[in-house]
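Nothing in this text is a laboratory measurement; each read-out follows from the coordinates by a stated rule. What you see is a predicted model, and the numbers here were worked out from it, not measured in a lab. For neighbour counting, all protein chains shown are included, and Cβ atoms are generated from backbone atoms with ideal geometry for every residue, glycine included.
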Amino acid sequence: MNIRTRKIIIETLLGIPPIVVPPEYYRYAMSEWKIQKFLTEGRGLGERETYKPWFTIADVPSRGKSTRASGDDRFGHRTMHFLSTNEWYKYLHLEADPTCIGIKEQYPHRDRLETIAVAIRLGIKHPEDPIYRVPIVLTTDLVAKFRVDGRTLEKAFAVKDADALENKRTIEKLQLEHTICSIYGLSWECSTNRDLRTRYGDNLERLHGYDRTLILTSAQTDLIVAIFLKYPGATASDACLECDRISGTEQGTYLAMLKFLLATRQIITDLHIKPFESQTCNAFFPMGELATRATYLQRYVGKPTRFLVPPPLAPMPGGPTSSNPYRICGYIKG
């Protein structure tokens, strides 16, 4: 018999007719046994690499796009689970915040007796599993840790669709979550898709996929900086194509390098306006050592041209791997 057509019957108490549950929903149901299993596994406990989220992607049906992400040195080297597109975008916003030093996704408030007591005090029905009718463990989408002025702060974030906030039951559950977080001394904030899925969020999403294995040479970074100085009115994508043309590399190579430089904050630009590749070159600003190099290279770059008008195709003197910045700047001078 096909398991998707087989009926699973759950006997209920007090003479209520049995509940017929399709298997695809039954697998996600939270029975008391399953809750105790999660508690025993230590879900919701630990820090950084040892932290275990209450839910993983395999445990619940997704709301939109489910995403697994690999943590880094800031957040710990582990797999992170985001169950919706909105949660993923909130993570990207937190990742872009240099004061954020830790993230716990699907954070559970493990003491159900306490959350039930708070729900009773607020006059709110405690969330329960719709199939087994047992109180479930209340969770917060994200809890982030920040270091500001030498102090460490924690803040909880609920992430919802803006339309969901018109639902009375959703507001009640958010109120319960807010109260629980306040008891534990956590500041709380609700973010919606209107706050997250903006031009800024879209740029963060594109930059997150940068090639972390890239190792840029000084000649490559000098060429990017010099071209951006030479053609301040050209778009970043056109400038990167010119870098590809000059160096003889495959189309898109230098755009990937620009993504790397932006993601690692060696170059910055305003990501709130438009897609970063559509910004003009004069909207990009090198930082740190690249800023020093840009000041130095400016003397060897010819008069800036508003629009990029490529000269006849010719190989870059010394080849694409040349480490001599004078050759690069001599080529684009004039």
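Brief remarks follow.
- Under 14 Å from the Asp97 label point (7 Å along Cα→beta-carbon), backbone N, the stretch 190-207: 190-192, 196
- Restricting the stretch 192-260 to GluC sites (Glu not before Pro) that sit in a DSSP loop and have at most 11 other Cβ atoms within 10 Å of their own Cβ leaves Glu250.
- Between the beta carbons of Glu172 and Glu277, assuming R0 = 45 Å, the FRET efficiency works out to 0.55 to the nearest 0.05.
- Remark: for residue pairs Lys65/Lys274; Lys173/Lys259; Lys125/Lys160; Lys52/Lys168; Lys145/Lys168, the C-alpha separation exceeds 28 Å in Lys173/Lys259; Lys52/Lys168; Lys145/Lys168.
- Charged side chains reduced to their Cβ positions (Lys and Arg at +1, Asp and Glu at -1) give the stretch 183-240 a dipole of some 60 debye around its Cα centre.
- Most to least packed among 87-96, 125-134 [average Cβ atoms within 10 Å]: 87-96, 125-134
- Spatial offset of the stretch 116-141 relative to the stretch 182-217 amounts to 30 Å, using the alpha carbon center of each.
- Per-pair calculated FRET efficiency, R0 = 51 Å: Glu205 and Lys37 via Cβ, rounded to 0.05: 0.90
- Estimated from the Cβ-Cβ distance and a Förster radius of 56 angstrom, the FRET efficiency linking Leu113 and Thr292 is about 0.40.
- Cα centre as origin, Lys/Arg/Asp/Glu Cβ charges: the stretch 10-197 dipole, Debye: 60
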